[in-house]
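What follows draws every value from the coordinates through simple rules; no lab data is involved. Note that this is a predicted model, so its numbers are computed, not measured. Quick reminder, even Gly has a Cβ in these numbers, built from the backbone with ideal geometry, and neighbours come from all protein chains shown.
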């Protein structure tokens, strides 16, 4: 099973259930050092970028199957790529987890992004859109995406370099 660090809308358990095709066990709070989170220019969702003396708080979620990971890649789309990074939980334990990084060309605004503000302003619309988007996709992710995540699942614990062709 795979672990993911979610730092944006996928921290919301309702959206996770829609996108991943089922509920996950409760995640734990974690931070990613050396990055900052900003709103993507012209959008209501975030992306992260390297930044000295910064950290991003988020959710470390475990127990994702390769099929769930492929669904997440499909949802995130081509503007994000998967990378394995190290996050730290509140007890100080370091964990390797997959996260979605923006690809080159994705512009971040100067605005910070807030999960609470997103929930108040955009959650209901995002859930409706996500239901429609995921419903128009096959119940199973594309074979190539699924195979890529199955490979990552098998090799992740052995120090395999991050494959950046998700999504």
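With neighbours defined as other Cβ atoms within 10 Å of a residue's Cβ, the residues 68, 134 order from fewest to most as 134, 68. Normalised by the number of residues in segment 2-158, the average gap of Cα pairs under 8 Å and 6 or more apart makes the relative contact order 29 percent. Rg then Dmax, both in Å and based on the Cα atoms of segment 2-158: 14.9, 42.
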